[in-house]
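Derivation of every value follows stated rules applied to the coordinates shown; laboratory data play no part. Bear in mind the structure is a predicted one, so any value in this text is a computation, not a measurement. With ideal geometry, Cβ positions are generated from the backbone for all residues, glycine too; neighbour counts draw on all protein chains shown.
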Amino acid sequence: MHDRVTAEFVNVGIVVYQPETNFLQGKFVSKFSRISQFFNDINGQYLISTLKQFEKELEVESGKLSELFTNHSSLTEITNSVLPKDDSALICSELLFAIDIDPQSAVDDLFDRLINKYSQDTDKDHHDDKYVWRKVYKQYFDKYEITNKLKPHTVQTEHDQIEFDKAWKNGVWNCYQTLSFDLKRIDSIRNKVYKWSGILSELENSDQELHLYFLTVSPEKNKSLNKFIEDTILSHNSGQSLKVTMINELQADKFVAGVKKEIEEHQENH
């Protein structure tokens, strides 16, 4: 609940407790792009870090449940011990009850129904890539006052002209391309990867030296799919005429701070 006055809220996770089996597990969002749709000025990295800490502390509490003399008798007591009720934006809802044979399935099903269900329809690739810049990365380029240092650049290849609308030059062209792989359908993600793999193959034929940075939002908690994306995209990192780097949203602040430093150093030397 970002603002107590408006009382507007967005679900960021779920905690399930089955006392009969001492089952306790939390599941939380790992990206803040969806949350920024609701609250433009959210400190996404801090929120994700806090949720990860909350999840770790729940794991500790879960380990204590098998002890003979546990002090907890309800989920409310457990969550209050980890996340005390105060004026912070992160709060737990009132306790809800349900019947389910498999608590692990309950965690996954409720997470999909209460959180993933309301995610933006991310199969609209063109809109999403612009959204990734506008809602995730632009705030950092603005913060370090280098947004106006970027300009469009067209790369001439053997068979085509490929345009990037955010670039700057310090011997080689540094181009920034936002990409959202946070799509609902796995086949949409794979098709997008194959599309960009083809574009990268064409860029390898260019006479220009190019360092292409993909500013990405990745699939949530899908290690095999993330590995496929990285392996396919980074296989074009020849280090000769074309160098490719992938940045995720949690690296954004540190990455853009480094870009600012490089630009300032280049300006001092020229």
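Just a few scattered comments:
- The chain: most fluctuating residue of I35, I115, I199 per GNM, C-alpha cutoff 10 Å: I199
- Acute angle (nearest 10 degrees) that the helix 223-234 long axis makes with the longest principal axis of the chain, alpha-carbon atoms: 10 degrees
- Cut-off 14 Å between beta-carbons: net charge of the residues surrounding K254, Lys and Arg +1, Asp and Glu -1: 0
- Leading residue at positive end of dipole, the chain (Cβ point charges), from Q177, S88, T154: T154
- In straight-distance terms, cross-link reach from K27 covers every one of the lysines whose alpha-carbon lies under 21 Å from its own, apart from those fewer than eight places away in the same chain; here that gives K52, K56, K64, K85, K117, K184, K221, K223.
- Inter-centroid distance (Cα atoms) of the range 1-69 relative to the range 153-191, Å: 34 Å
- Computed extension length for R185-D207: 4.3 nm, one decimal, from 0.36 nm per residue of separation with the Cα-Cα distance subtracted.
- Helix axis angle, 103-114 relative to the chain longest principal axis, alpha carbon, degrees: 60 degrees
- Note on the range 125-269: Cα-Cα pairs beyond 21 Å make up 43% of the total pair count.
- For the pair H159 and D41, a Förster radius of 45 Å applied to the C-beta separation gives a FRET efficiency near 0.50, rounded to the nearest 0.05.
- Cross-link pairs exceeding 18 Å between alpha carbons, from the set K130/K166; K169/K260; K143/K166; K227/K260: K227/K260.
- Where the Cα pairs of the range 189-270 fall when distances are cut into 10 Å bins, in %: 15, 41, 33, 10, 1
- Note on D3/K85: beta-carbon distance plugged into 1/(1 + (r/R0)^6) with R0 of 22 Å gives a FRET efficiency of 0.80.
- Remark: the N237-D253 segment gains 3.4 nm on full extension, using 0.36 nm per residue and subtracting the alpha carbon distance.
- The chain: translational diffusion in µm²/s, Stokes-Einstein, Kirkwood Rh over Cα pairs, 4 °C, 1.567 mPa s: 61 µm²/s
- Sequence of C175, C92 once ranked by neighbouring C-beta atoms within 10 Å, starting from the fewest: C92, C175
- Footprinting exposure proxy for T216, T154 (fewest neighbouring C-beta atoms within 10 Å first): T154, T216
- Summing Cβ point charges (Lys, Arg +1; Asp, Glu -1) relative to the Cα centre of the chain gives a dipole of roughly 320 debye.
- Debye, to nearest 20: dipole size of the range 185-269, +1 on Lys, Arg Cβ, -1 on Asp, Glu Cβ: 580 debye
- Whole-Å semi-axes of the ellipsoid equivalent to the range 13-118 (Cα gyration tensor, √5λ, descending): 25, 17, 12
- Residue order, fewest to most surrounding Cβ atoms within 10 angstrom, among L179, L225, L90, L212: L90, L225, L179, L212
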